[in-house]
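Quick notes on the structure that follows.
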Amino acid sequence: MKAVVFGSMNIDKVYSLAHLPEKGETLYTDGYEIHVGGKGLNQAVSLAKSGADVSMAGWVGTDGGFLTDFLNESGVNTDMIQQTNGFTGHAVIEVDRDGQNQMILFPGANKEITENYCDTVLESLCEGDLLLMQYETSQVEYMLRKAHSKGIITALNPSPYVDEIKKLPFDCVDYLILNESEGQMITDKTDVTEVVEALKALNPDGVVILTLGGDGSVYADKSQTVSVPAFKVNAVDTTGAGDTFTGYCLNAVLNGAEPCEALRTASAASAIVVTKIGAAQTIPTFSEVKSFLSNLDKN
Ligand code: RIB
């Protein structure tokens with residue numbers, strides 16, 4: 001099975017702070033780093049590190065060549081990436097000493113993607129291949145409808161949440177992977193069990209995978225609901241944890257892993273990511289994830 005991630009590629013400008021700023025507050029930073037990022041890029045790297053055959057589709061500007069280079073070095077095919085004359089998307093990320101973050105996004109080239117480009121990407125995919133998307137690019141609805149009608153397996157991480165996400169054709173989504181607050185906002189419910197049931201109802205034949213931060217994660221389809229706890233680690237930066245989870249979990253599920261095992265592997269991969277500053281460059285290889293898990297089993 002071939003996987004294509006149609007998604008965002010961002011330059012992450014990461015500022016370390018003692019605490020996240022209040023309204024009107026000016027703060028000096030403890031540090032500033034530039035990293036590769038974007039939910040699409042991070043998820044493509046996660047799929048590749050977990051062992052998938054994955055290509056990245058999306059747009060960067062003239063300043064985004066290093067993102068493509070990073071993807072290539074990480075084992076992601078970049079032949080479909082298009083460069084435009086404008087700016088690459090970027091994220092301003094503030095991280096506090098507890099590892100919590102807040103972010104502003106400049107979409108740049110990510111939101112300039114055209115239907116013509118989408119058609120080229122769709123032509124490269126066959127029935128049974130995987131298309132994974134997030135919500136940081138233009139054309140998500142177009143891609144979902146066309147991919148579904150072609151029999152392509154669709155996975156959507158509806159992040160970051162904006163109200164127009166509620167209007168997406170969820171009946172075209174085979175795998176819906178999201179965090180608790182996104183689930184709550186899409187369903188207008190707060191209780192996790194009710195959120196999961198409401199998400200399942202959006203596509204009764206689909207799979208819902210809900211991450212709950214420190215409370216673990218849930219897999220639900222029409223025949224079963226499975227939960228696993230999170231691993232307790234010392235979090236330094238949670239950026240990219242959800243993206244890492246998404247790539248690892250999807251690859252495991254689509255390769256026949258039991259849901260419980262897929263969630264556990266993905267949780268381990270994202271637990272490793274949060275112990276380091278940055279997103280894509282901290283995503284572990286599959287052998288690092290296996291040794292993390294076997295060390296736990298020994299203790
Ligand atoms: O999910 C983390 C990512 O969100 C960051 O890399 C940033 O670029 C934003 O897209």
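Could you list, in sequence order, all residues of segment 118-144 that are open to solvent by 20 Å² or more (accessible area, probe 1.4 Å), assigned to a helix (DSSP H, G or I) and in contact with a helix residue (DSSP H, G or I) (Cβ under 6 Å, 6 or more places away or on another chain)?
Tyr142
Name the residues in segment 258-280 that are touching a strand residue (DSSP E or B) at 6+ places or on another chain (Cβ under 6 Å) and within 14 Å of the ligand (Cβ to nearest atom), would you?
Scanning segment 258-280 gives Gly278, Ala279, Ala280.
Please give the strands (runs of 3 or more DSSP E) falling wholly within segment 153-242 in which 1 or more residues are surrounded by fewer than 18 Cβ atoms within 10 Å (Cβ to Cβ).
Working: elements: 153-156, 175-179, 207-211, 217-220, 225-228.
Output list reads 225-228.
Applying the selection to segment 276-299, what residues are at pLDDT below 95 and touching an Asp or Glu at 6+ places or on another chain (Cβ under 9 Å)?
Lys276, Ile277, Gly278, Ala279 - these are the residues of segment 276-299 that are at pLDDT below 95 and touching an Asp or Glu at 6+ places or on another chain (Cβ under 9 Å).
Scan Thr239, Thr193, Thr225 and give me the residue that is within 20 Å of the chain's Cα centre (by Cα) and not acidic (Asp, Glu). Step through it out loud before you land on a result.
Working: Thr193 fails: within 20 Å of the chain's Cα centre (by Cα); Thr225 fails: within 20 Å of the chain's Cα centre (by Cα).
Result: Thr239 is the single residue among Thr239, Thr193, Thr225 that is within 20 Å of the chain's Cα centre (by Cα) and not acidic (Asp, Glu).
I need the full set of residues from segment 281-290 which are within 12 Å of the ligand (Cβ to nearest atom) and open to solvent by 20 Å² or more (accessible area, probe 1.4 Å), in order please.
At the first step, the residues of segment 281-290 found to be within 12 Å of the ligand (Cβ to nearest atom) are 281-283.
Gln281 - this is the single residue of segment 281-290 that is within 12 Å of the ligand (Cβ to nearest atom) and open to solvent by 20 Å² or more (accessible area, probe 1.4 Å).
Looking at segment 87-102, which of the residues that are more than 18 Å from the chain's Cα centre (by Cα) and open to solvent by less than 30 Å² (accessible area, probe 1.4 Å) is farthest from Gly242 (Cα to Cα)? Full working, then the answer.
Of the residues in segment 87-102, the ones more than 18 Å from the chain's Cα centre (by Cα) are 87-88, 94-99.
Now restrict to residues that are open to solvent by less than 30 Å² (accessible area, probe 1.4 Å): 88, 95-96, 99.
Values: Thr88: 22, Val95: 16, Asp96: 18, Gly99: 14 Å.
Filtering segment 87-102 for residues that are more than 18 Å from the chain's Cα centre (by Cα) and open to solvent by less than 30 Å² (accessible area, probe 1.4 Å), the one farthest from Gly242 (Cα to Cα) comes out as Thr88.
Could you tell me whether segment 19-27 includes any residue that is within 16 Å of the ligand (Cβ to nearest atom), modelled with pLDDT of 95 or more and small (Gly, Ala, Ser)?
no
Out of segment 77-100, which residues are under 21 Å from Val45 (Cα atoms) and touching a residue at least 40 places away in the same chain (Cβ under 8 Å)? Working first, answer last.
Of all residues in segment 77-100, those under 21 Å from Val45 (Cα atoms) come to 77-83, 88-93.
Met80, Ile81, Thr88, Gly89, His90, Ala91, Val92, Ile93, listed by residue number.
Of all residues in segment 187-198, count the ones that are in contact with a helix residue (DSSP H, G or I) (Cβ under 6 Å, 6 or more places away or on another chain) and aliphatic (A, V, I, L, M). Full working, then the answer.
As a first pass, look at segment 187-198 and keep what is in contact with a helix residue (DSSP H, G or I) (Cβ under 6 Å, 6 or more places away or on another chain): 187, 189-190, 195, 198.
Checking which are aliphatic (A, V, I, L, M) leaves us with 195, 198.
The qualifying residues number 2.
Among what's in segment 1-18 and is open to solvent by 20 Å² or more (accessible area, probe 1.4 Å) and closer than 22 Å to Met143 by Cα, pick the residue that is modelled with the lowest pLDDT.
Ranking the qualifying residues of segment 1-18, first place goes to Met1.
Determine if segment 36-43 includes at least one residue that is near the ligand (Cβ under 10 Å from one of its atoms) and in contact with a Lys or Arg (Cβ under 6 Å, 6 or more places away or on another chain).
Taking segment 36-43 first, the residues near the ligand (Cβ under 10 Å from one of its atoms) are 36-43.
With in contact with a Lys or Arg (Cβ under 6 Å, 6 or more places away or on another chain) added as a condition, the list becomes none.
Scanning segment 36-43 turns up no residue that is near the ligand (Cβ under 10 Å from one of its atoms) and in contact with a Lys or Arg (Cβ under 6 Å, 6 or more places away or on another chain).
The values are calculated or read from the model by the stated rules, or taken from the named source; none is laboratory data. A quick note: this is a predicted structure, and the numbers were derived from the prediction, not measured. In this analysis, Cβ positions are derived from the backbone assuming ideal geometry, glycine residues included, and neighbour counts consider all displayed protein chains. Calculation scope for accessible area: heavy atoms of the full protein, side chains included, ligands and nucleic acids excluded. Shrake-Rupley method; radii C 1.70, N 1.55, O 1.52, S 1.80 Å.
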